[in-house]
Amino acid sequence: MTQEVEPVSYNFLLAWGCHNAATQVCLPASNPGQFWTPTDVAVDPSGKYVYVADSNNNRVQKFDGLGNFLLQWGALGSGPGSFNGPLGIALDSSSKSVYVVDAANDRVQKFDGSGKFITTWGSNGSDPSQFSDPQFVAVDSSGNVYVTDGGNFRVEKFDSSGKFITQWGSRGAGPGQFQGQEGVAVDPSGKYVYVADSGNYRIQKFDSSGNFVMQWGSPGSGNGQFGSGIGTGFSGFGPGNLAVDSSGNVYVTDTGNYRVQKFDGSGNYITQFGSYGPGSAQFEGLGGVAVDSSGDLYVVDEADNRVEKFAPAGTTGTLCVIVAAAVGSTVAAASVQWLRAYRDTRFKAMPWGALLISKAENLYYRVSPRMVGVVERDPRLKKAIRWIFVLPVLRMLSSFALMEIGSAPRELEHT
């Protein structure tokens, strides 16, 4: 029987870190913008800022949505603002506060968006507000903080200042029990909490007070199942981390099968992407996942020390910008990167401007540096148009052209 091939669900956009695209070898590094075992990622809803827990470098790095390095904070230690193996990272709903699970120090630290230390809580133990191998963190729309406490097989809930509210869970395989829980995420309403119960190969869904609602998943490689990773050289197994988008869909890093699976809020399988390897849209050691308000996904590949960014397939037509000083000039590298960050595209410089080729829809665009055209097939167009005109780098360039979509090469005349 011929197996049906699932359509491409997400297009690879770009990757950043120390990944070497030429050799596909990415060794640990400590320079700004590089990683040594990154573990988790958080993104503000607009996709403007991305935060990465760079675990073995004991720091947090902040990037823009294209992976350009902005700033970093942290060093090995146990004082305020220092880390010993940061694992999980999350933003509050206003994106003003960054929460980091400082695993080996058995605590959570809270910072502002520039890395300024605000507060911390936690110590080693099993009492409320204590941790034993804390893993990941999520923040709901009211500012409540949920932390998976791995060694105590529970989830702890706090307010935004670290005051203990409640806890749930114990070791086992029954509903509401855990065996190596990792990721945690909250739906946009703050009503439901999802936990990746990796040792039991399942996702568990609770209400915000910790009452069990439902579960899904089993060991395997089929749709909705989670793999063991046996024979691949990576120790990950089961569901590792998860994120919930603005529509309530749940994205799960299936560490043993080297893929990301998407479900609705009731656990119904929707789609998946990814495979084992060091190439684009491949993974050799999945870490955290985050989603912005436009549905773009940010996925940590721990083993390849990089972050990969994806966009939903079938959404080409987002604003594309070609920058050129004159006809025949080379398309600016920065513009190419900016465009690729929005949709999976390829460029070919031409004497009269540029030829744009979209892999997702096999559409071709012929662009002249003098032309102006816009097609509103994506809700981000108007916002993006306003945004680009205030970018200093674009203000310094002599001209720019907005692309209009078409089913064949075409050129728009300047009006």
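The values are calculated or read from the model by the stated rules, or taken from the named source; none is laboratory data. On a predicted model such as this, the values are computed, not experimentally measured, just so you know. Cβ coordinates were reconstructed from backbone atoms using ideal geometry, including for glycine residues, and neighbour counts include every protein chain displayed. For the accessible areas, the whole protein counts, side chains as well, though only heavy atoms, and no ligand, DNA or RNA atoms are used. Shrake-Rupley method; radii C 1.70, N 1.55, O 1.52, S 1.80 Å.
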Taking the condition of being part of a loop (DSSP other than H, G, I, E, B) and open to solvent by less than 40 Å² (accessible area, probe 1.4 Å), how many residues in the stretch 131-158 meet it? 5
Test: Gly287 is assigned to a loop (DSSP other than H, G, I, E, B) and in contact with a strand residue (DSSP E or B) (Cβ under 7 Å, 6 or more places away or on another chain): no
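Name every residue in the stretch 272-289 that is among the hydroxyl-bearing types (Ser, Thr, Tyr) and touching a Pro at 6+ places or on another chain (Cβ under 8 Å), in order of residue number. Steps first, answer last, please.
Residues of the stretch 272-289 that are among the hydroxyl-bearing types (Ser, Thr, Tyr), as a first pass: 275-276, 280.
Those that are among the hydroxyl-bearing types (Ser, Thr, Tyr) and touching a Pro at 6+ places or on another chain (Cβ under 8 Å): none in the stretch 272-289.
Over 30 Å from Phe117 (Cα atoms), of a type in the set (Lys, Arg) and either touching a residue at least 60 places away in the same chain (Cβ under 8 Å) or surrounded by fewer than 14 Cβ atoms within 10 Å (Cβ to Cβ) (or both): which single residue out of Lys205, Lys163 fits that description?
On the way: Lys163 fails: over 30 Å from Phe117 (Cα atoms).
Step by step, each of Lys205, Lys163 is checked, and only Lys205 is over 30 Å from Phe117 (Cα atoms), of a type in the set (Lys, Arg) and either touching a residue at least 60 places away in the same chain (Cβ under 8 Å) or surrounded by fewer than 14 Cβ atoms within 10 Å (Cβ to Cβ) (or both).
I need the full set of residues from the stretch 282-291 which are more than 8 Å from the chain's Cα centre (by Cα), open to solvent by less than 30 Å² (accessible area, probe 1.4 Å) and touching a residue at least 40 places away in the same chain (Cβ under 8 Å), in order please. Please lay out each step first, then the result.
We begin by selecting, within the stretch 282-291, every residue more than 8 Å from the chain's Cα centre (by Cα); these are 282-287.
Subset that is open to solvent by less than 30 Å² (accessible area, probe 1.4 Å): 283, 285-287.
Gly285, Leu286, Gly287, listed by residue number.
Quick one: would you say Ala303 is under 17 Å from Trp16 (Cα atoms) and at pLDDT below 95?
For Ala303, the condition - under 17 Å from Trp16 (Cα atoms) and at pLDDT below 95 - is met.
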Anything in the stretch 119-130 that is touching a Lys or Arg at 6+ places or on another chain (Cβ under 6 Å) and assigned to a strand (DSSP E or B)? List them, or say none. Thr119, Thr120
Among (1) open to solvent by less than 10 Å² (accessible area, probe 1.4 Å); (2) over 25 Å from Asp54 (Cα atoms); (3) at pLDDT 95 or above, Ile270 falls short only on (1)
Hits in the stretch 13-42 - residues which are open to solvent by less than 30 Å² (accessible area, probe 1.4 Å), of a type in the set (Phe, Trp, Tyr) and either assigned to a loop (DSSP other than H, G, I, E, B) or at pLDDT below 90 (or both): Phe35
Being in contact with a Ser or Thr (Cβ under 6 Å, 6 or more places away or on another chain) and open to solvent by less than 20 Å² (accessible area, probe 1.4 Å) is true for just one of Gly277, Gly256. Which residue is that? Gly256
